[in-house]
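Contents: one structure, followed by commentary.
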Amino acid sequence: QGRQADPACCRRPARPPRTSARARRPDRSGARAAAPAPAADARRTRGSCLLGGLGRRGTSAAAMAALDMNSLGQYIRLEDHNQYQQLAEGTVSVLVSHSNLDQQWPEIRFDLHSTIGAIKDRLYRHGGTGAGFQKLLLKQNGQTLCELTPDDRMLGFFGVSSGMEIHIVDTDPYSFSKDGGLENVDLVEKYVMSEEDYERRENSLRAYKKKMREKDPYFTFLPENRREPKNK
């Protein structure tokens, strides 16, 4: 008996014609000329908008520099409220100043159980004033709270806390730091050479200039493009 034909509903759909791998591979030249990916387009668009926005706002270099310095200042002060939280228990960090010196010593740490005499011995290494000639004043916000005395009393007795100031008053009438003795460089005697001594030197700048002027009357130490002939 002959085989009957399958009904149309039971027939398989025809497969699309196969293409070789070479045929499926895109043309390299065409790929290079293709449009960029959407992500790249978005990045370019955002960058153009940012640059355009800066130009429209007219942000100057000075304004940007001020903004950067403001941001730097905020970053530096970011943890100021935590600067004393890392201190060991019973330790304070104070500012130390001196009556004869402009310099100050910030964040000097002391143990609250240290005696005033021991603190004076330590401060001698900072300001050069002997312990016997030191008068210590406790200050806060520029206001004097009390004098740290006597020497056998502990620092914690005076209620010292971090951020306060210990000011050294030098009572030595012959102190080296008196009247700017350790900071004013104008008080230091300097060697001054006389004109006669300088004129006799053979390796001085003046002697070199004389030798060059003998060869070139228009010699000068300025660059060539700034030279101006002078009849001397």
With the other protein chains left in place, how much accessible area per residue, in square angstrom, belongs to region 82-165 at a 1.4 angstrom probe?
-> 57
Among 185-193, 70-78, 90-98, the order from most to least packed when residues are scored by Cβ within 10 Å on average = 90-98, 70-78, 185-193
So what J values fall out for region 126-132 if you push phi through Karplus, 6.51 cos²θ - 1.76 cosθ + 1.60 with θ = phi - 60°, rounded to Hz, Gly and Pro as x?
-> 8, x, x, 8, x, 4, x
Measuring from label point to label point, each 7 Å out along Cα→Cβ, what is the residue 154 to residue 203 span in nm?
-> 6.5
With the Cα gyration tensor of region 141-192 giving a ≥ b ≥ c as the square roots of its eigenvalues, does the rule (a/c under 1.5 for rounded; else a/b larger than b/c for prolate; else oblate) give rounded, prolate or oblate?
-> prolate
If the limit is 32 Å between Cα atoms, which of 135/190; 139/190; 139/178 go over it?
-> 135/190; 139/190
Quick one: if the Förster radius is 30 Å, what FRET efficiency do residue 171 and residue 104 give, using the C-beta to C-beta distance and rounding to 0.05?
-> 0.95
Taking H as built 1.01 Å from N, whose amide H comes closer than 5 Å to the amide H of residue 145, not counting residues under 5 places away?
-> 138, 139, 140
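Tell me, what % of the accessible area of region 76-232 is carbon and sulfur with a 1.4 angstrom probe?
Working: 5690 of 11560 Å².
The nonpolar share, carbon plus sulfur, comes to 49 percent.
The values are calculated or read from the model by the stated rules, or taken from the named source; none is laboratory data. All figures in this text were calculated on a predicted structure; none of them were measured in a lab. With ideal geometry, Cβ positions are generated from the backbone for all residues, glycine too; neighbour counts draw on all protein chains shown. Ligands, DNA and RNA are stripped out before the accessible areas are found, and what is left, the full protein with its side chains, is counted by its heavy atoms. Shrake-Rupley method; radii C 1.70, N 1.55, O 1.52, S 1.80 Å.
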